[in-house]
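What follows is one structure encoded as structure tokens, with my remarks underneath.
Each reported figure results from applying straightforward, stated rules to the coordinates on display, with no laboratory input. Please read these numbers as outputs of a predicted model, since none were measured by experiment. Here the Cβ is made from the backbone with ideal geometry for all residues, glycine too, and neighbour counts use every protein chain on show.
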Amino acid sequence: MPLRPLSPVERVWLVADALGAPFVITIVVEGTGEIDGIERAVALAAEENPGARARLEGVLGGTRWVDSGEAPPVVPMALPSPGPVVGRRLLADSPGLEVGVAPDGVVFRVHHALMDGRGLWHFVEEVFRALRGEPLVGGDDGFSDTAAAGLGRASVPVEDDVAATGEHTGDASPIWGHRRIEGTWSGLLGHVALAVADVARSHTPGGQIGFQIPVDLRRLGGPSGTANRTGLVRLDCTADATVQGLLDQLAERVDNGDAQAWVRSAEPADGLPLWLMRWGGRLKANKAIRSSRFGGTAVLSNLGRVDLRQLDAPGFQASRTWWIPPCGPSTAAFLGLMGDGRALELTAVLPAGLASEGRLDRLLDAIVQRLT
């Protein structure tokens with residue numbers, strides 16, 4: 001059964017996957033106890049949210065997501081450990097989403113072309129509702145970013161920001177690290193941006209610094225669901241920037257429709273052969289690597305504060321949850337944030353050529369230092 005056309009933005013994420021490591025969003029739920037019946041719960045959640053079962057069919061402009069009718073696989077899997085991004089590639093000859101069960105938690109992995117972070121989080125919550133025997137919310141997985149953005153202007157990308165950690169040494173393989181920081185903060189995104197900017201200026205004094213901020217277009221209304229519905233807003237970070245100034249700038253650009261304009265900027269990719277997009281993407285990535293200049297000093301994405309009680313199930317009590325964002329070869333850094341009311345879970349993913357010689361750890365430590 002057809003669900004929706006493959007959107008231009010989703011085509012870009014398919015290309016990012018082809019050019020580097022699996023372009024996958026991972027959400028981890030840690031806890032104690034054993035979960036019984038997770039296969040059934042995953043199947044029930046996918047029945048109400050059929051985007052979790054979607055596969056691609058068709059070519060060029062006729063490529064569509066269709067409901068395969070097959071529930072995502074549930075497989076044994078260890079919890080991820082900081083270091084190189086690992087895991088099988090999804091959507092190639094496999095489903096777009098998989099659920100891993102470990103002795104100390106559950107891992108949800110999805111190809112970004114199929115879902116965004118909010119979409120995957122919706123599915124995670126649905127699985128745990130099913131485990132507790134509660135009614136599921138469901139969703140319309142035919143409603144994606146293109147529908148949410150509507151008609152209007154398109155944004156013009158900026159491609160001259162310095163990296164957070166200095167010069168690229170050439171290896172685009174992603175590496176990730178993680179910190180758990182006790183406490184809660186007002187204006188968290190602004191504090192993290194200023195910490196990253198300080199590190200960037202220590203490596204490249206006088207360099208242009210800007211951030212890409214994912215914005216959930218579900219805020220505009222429309223049905224719930226797992227489909228990609230995220231736009232990006234640019235945040236300029238000058239030497240005299242303040243936390244409140246950055247937050248005001250972000251609010252103004254969100255209200256101005258910049259996130260929708262970013263979605264529309266991908267429209268020229270609609271119907272292009274993926275081989276041609278891969279060729280163009282490879283040129284863009286090589287240019288960024290050679291020049292150490294990017295379309296953002298970092299991507300900063302906050303999935304917000306979650307209630308761990310919503311991740312409990314009979315025989316299982318959740319203790320923490322965190323996520324690993326994807327990082328393509330044209331991205332300087334991707335920072336994923338999530339909180340539970342007690343602490344911030346912070347994950348940073350960088351190309352190895354920007355993470356080497358302890359630079360990834362120093363970036364994370366600088367953020368911790370500012371917040372503590």
Highest-first arrangement of 207-219, 118-130, 81-93, 168-180, where packing means the average Cβ count within 10 Å: 118-130, 207-219, 168-180, 81-93
Gap separating the Cα centres of segment 310-353 and segment 183-204, nearest whole Å: 17
Ellipticity estimate at 222 nm from DSSP helix runs (n ≥ 4, -39,500 (n - 2.57)) divided over the chain, nearest 500: -9500 deg cm²/dmol
Segment 119-152 and segment 62-79: distance between their alpha carbon centers, rounded to Å: 15
For ASP104, ASP258, order by how many other beta-carbon atoms lie within 10 Å, fewest first: ASP104, ASP258
Two-site label geometry, SER94 and ASP361: point separation in nm, points 7 Å out along Cα→Cβ: 3.0
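Give the peptides 95-103, 71-79, 319-327 in descending order of average Cβ contacts within 10 Å, highest first. Let's see the in-between values first.
Working: 95-103: 19.7, 71-79: 15.6, 319-327: 22.7.
Result, highest mean Cβ count within 10 Å first: 319-327, 95-103, 71-79.
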Phi-based couplings in Hz for segment 165-174 (Karplus 6.51, -1.76, 1.60; Gly and Pro marked x): 10, x, 8, 7, 8, x, 8, 8, 5, x
Length gained when the stretch LEU220-LEU151 is fully extended (0.36 nm per residue, less Cα-Cα span): 23.4 nm
For segment 123-281, alpha-carbon Rg relative to the globular expectation (2.2 N^0.38 Å, N residues): 1.26
Listed candidates (i) 35, 25, 21; (ii) 30, 28, 23; (iii) 30, 25, 20 - label of the one calculated as semi-axes √(5λ) of the Cα gyration tensor in Å: (iii)
Spin-label model distance (nm) - ALA343 vs ALA102, 7 Å beyond Cα toward Cβ: 1.4
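Can you give the extra length, in nm with one decimal, that the chain gains between GLU70 and THR238 once fully stretched, where that is 0.36 nm per residue apart less the Cα-Cα distance? Kindly include the intermediate steps, with their values, before the conclusion.
Numbers: separation 168, 0.36 × 168 = 60.48 nm, distance 4.96 nm.
Working it through step by step, the gained length comes to 55.5 nm.
Assuming R0 = 25 Å, what is the FRET efficiency of ASP36 and SER173, from their Cβ-Cβ distance, to the nearest 0.05?
On the way: r = 38 Å, r/R0 = 1.52.
Computed FRET efficiency for ASP36 and SER173 comes out at 0.10.
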Computed label-point distance, nm, for sites VAL137 and TRP279 using a 7 Å Cα→Cβ extension: 4.3
Local electrostatic count at GLY353 - Lys and Arg +1, Asp and Glu -1, tallied over other residues with Cβ under 13 Å: -1
Sorted by Cβ density within 10 Å, fewest first, the residues THR184, THR165: THR184, THR165
